[in-house]
Structures are given as structure tokens and as C-alpha cells.
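Take a look at this one; I'll ask things after.
The values are calculated or read from the model by the stated rules, or taken from the named source; none is laboratory data. None of the values given here were measured: they were computed from a predicted structure. Note that we place each Cβ from the backbone using ideal geometry, even for glycine, and neighbour counts take in every protein chain shown.
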Amino acid sequence: MSKERAPRRWSDATRASLLEAGIAAFGEHGFDALSEDAIARRADLTRGALQYQFGGKKGLFAAAFDHVLQETARLIADQTMERAHSVAELGEGVGVLMDLALDPRRRRLLFVEAPVVLGWNDWREGLRRAFEPLLHHALGHWVEGGLISEHEVAGHAEVLLGAGVQAALAQGAGDPRPRAALEAMIARLAARP
């Protein structure tokens with residue numbers, strides 16, 4: 001083993017340990033309740049390692065947000081591509097997102113803490129990067145089916161993204177009505193002749 005490879009592997013392992021600890025800690029306790037030392041201890045590392053790898057707690061949070069967001073988008077894509085490659089794909093995707101948002105850690109990190117910690121613009125941009133390709137793909141089936149026109153896709157995607165986040169938050173607070181309404185609305189629109 002070369003001397004150059006060992007530090008890189010150690011660095012990758014350190015980064016992965018801190019990211020895993022950050023995801024769990026932020027999902028359980030939120031951002032403000034944690035110190036850099038507490039997160040580093042959870043990973044069996046030092047605050048210096050956290051600062052070196054991520055620049056501090058906010059950098060770790062941003063990486064945790066991005067990781068969980070990409071994982072969520074990948075799960076939605078995998079599950080909807082298996083079950084529905086048609087106008088039904090949009091409804092399937094919303095259902096998968098709502099099911100994933102039942103996990104309180106995921107919901108807290110993605111939809112409660114992230115807008116505050118990262119700021120509204122960075123949070124929305126992260127959501128767009130992760131979910132707009134999925135929404136545009138699913139709405140592409142609606143264009144093919146004559147339900148909407150191509151120039152309506154971007155607007156529909158934006159509205160659906162906001163509605164999905166709101167439904168996930170309401171569901172987490174014990175109110176299933178927004179989820180049911182969103183899923184019913186999508187099903188009615190997809191069934192239009």
C-alpha cells in the first residue's frame with residue numbers, strides 16, 4: 001500500500017463516519033440542539049476532524065441534507081420506475097415521497113431544519129435539483145397522454161413540489177388530509193379523457 005493512498009482512505013472513512021453521525025443526530029435532535037463536539041463524539045472522532053472535513057457544523061448539515069435528499073430522490077425513482085411508467089407514475093412518486101416522509105428523521109432534516117439552517121433559497125434549490133428531474137419525467141407522460149402541454153410542465157412541477165412538501169409536513173403533524181387531497185387530485189387529473 002502506498003503512503004499516499006492510506007491517508008485518502010482514512011479521510012474518506014472519517015468523512016463517511018461524520019456524515020452518518022450527522023444524519024442521525026440532525027434527524028433526531030435538530031441543528032441547534034447539537035454542538036460540533038457532540039456530533040464528533042457520536043462518530044468517535046474530534047471536532048477538529050469535523051471542521052477539517054466539513055468546515056464546521058453547518059457544512060456537515062449541508063452535506064447531510066444533500067445526502068438524504070439524493071437518497072430520497074433515488075428511492076422515489078427506483079420505486080416508481082418499477083411500478084408505473086405511464087401517467088400513473090406521478091401519483092406513484094407522490095405516494096412514495098409521502099411514505100418516505102413518514103420517517104420523522106428524514107422529514108425533520110429535509111423539510112423542517114433545512115430551510116432554517118441553509119436558508120430558503122439554498123433549500124429550495126436543493127429540492128429542485130433532486131426532485132424536478134423526477135417531476136419533469138413523470139409529467140412528460142402527461143404530455144404524451146395529452147393531459148397537459150409541454151409549456152405547462154415547469155409550472156406544474158413547481159406547484160407539485162410545494163404541495164408535496166406541505167403534505168409531508170401536515171402528515172408528520174398528524175393531519176393526513178393534504179396527502180389524501182394531493183393524491184386524489186393527481187388521480188383525477190390523470191384519469192381525464
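Looking at ALA190, is it touching a residue at least 60 places away in the same chain (Cβ under 8 Å) and either surrounded by 13 or more Cβ atoms within 10 Å (Cβ to Cβ) or of a type in the set (S, T, N, Q) (or both)? Quick ask: steps written out before the conclusion?
Values: touching a residue at least 60 places away in the same chain (Cβ under 8 Å): yes; either surrounded by 13 or more Cβ atoms within 10 Å (Cβ to Cβ) or of a type in the set (S, T, N, Q) (or both): yes.
When the stated conditions are applied, ALA190 passes them.
Does region 175-193 hold any residues that are over 18 Å from PHE131 (Cα atoms) and in a helix (DSSP H, G or I), and which are they? Break it down into steps so the answer makes sense when it comes.
Quick first cut of region 175-193, residues over 18 Å from PHE131 (Cα atoms) only: 175-178, 180-181, 184-185, 187-193.
ARG177, PRO178, ALA180, ALA181, ALA184, MET185, ALA187, ARG188, LEU189, ALA190, listed by residue number.
Let me ask you something else. Looking only at helices (runs of 4 or more DSSP H) that fall completely inside region 62-174, which ones have 2 or more residues that are modelled with pLDDT under 95, over 23 Å from ASP32 (Cβ atoms) and among the hydroxyl-bearing types (Ser, Thr, Tyr)? Steps first, please.
Values: elements: 89-100, 104-107, 114-118, 120-144, 153-172.
Those helices (runs of 4 or more DSSP H) do not exist here; none qualify.
If I ask for residues that are within 21 Å of the chain's Cα centre (by Cα), surrounded by fewer than 14 Cβ atoms within 10 Å (Cβ to Cβ) and under 17 Å from MET98 (Cβ atoms), which ones from region 143-179 would you list?
Residues satisfying the conditions are VAL159, GLY162, ALA173, GLY174, ASP175, PRO176.
Mind telling me which of the residues ALA38, ALA33, ALA114 ends up being without any contact (Cβ under 8 Å) to a residue 60 or more places away in the chain and under 12 Å from the mean Cα position of the chain (by Cα)? Please lay out each step first, then the result.
Details: ALA38 fails: under 12 Å from the mean Cα position of the chain (by Cα); ALA33 fails: under 12 Å from the mean Cα position of the chain (by Cα).
Answer to the selection: ALA114.
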